[in-house]
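Shown next, in structure tokens, is the structure this report addresses.
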Amino acid sequence: MQPLQLAQRQFDAYNARDLAGFIACYSETVQVFRPPAPLPTLSGKAAFAQFYQTQRFNLPHLKAELLNRMVLGNTVIDHERIHGIGAQVLEMAVVYLVQDDLIQTVYAYPASA
């Protein structure tokens, strides 16, 4: 699967709160980073799935809005607006690194306040 198709598939599953479809886009060894923290905030598909099941897909107003997308080889960079996590809308740049047809690494950069 091409990185663009994979990014769109996980994005659509996120908005549908389809946990199985969402995590199917990620590798068993997925790591999520929130720079500038040097260590991953999530490591491994089990921890990733648990987080989204208990901290995101249970939120009734959760919705991601795609503002812009760039594809550079196996890297997809999304500018997203996330609704429903808290009182404020979150704006983020999210970088997805794809390898072997799965998302291996995610870097999430929140907009500065």
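Observations on the model:
- In the set (1) of a type outside the set (D, E, K, R); (2) at pLDDT below 95; (3) surrounded by 16 or more Cβ atoms within 10 Å (Cβ to Cβ), the condition left unmet by residue 111 is number (3).
- Meets criteria (modelled with pLDDT of 95 or more, part of a strand (DSSP E or B), out of contact with any Gly (no Cβ under 9 Å at 6 or more places or on another chain) and surrounded by 15 or more Cβ atoms within 10 Å (Cβ to Cβ)) for residue 67: no
- Residues of region 68-99 classified as touching a residue at least 60 places away in the same chain (Cβ under 8 Å) and either within 17 Å of residue 30 (Cα to Cα) or over 14 Å from the mean Cα position of the chain (by Cα) (or both), total: 8
- Residue within region 78-101 that is assigned to a strand (DSSP E or B), more than 18 Å from residue 22 (Cβ to Cβ) and small (Gly, Ala, Ser) present: yes
- Residue 39 being in a loop (DSSP other than H, G, I, E, B), without any contact (Cβ under 8 Å) to a residue 60 or more places away in the chain and touching a strand residue (DSSP E or B) at 6+ places or on another chain (Cβ under 9 Å): yes
The values are calculated or read from the model by the stated rules, or taken from the named source; none is laboratory data. The structure displayed is predicted, hence computed values, not measured ones. With ideal geometry, Cβ positions are generated from the backbone for all residues, glycine too; neighbour counts draw on all protein chains shown.
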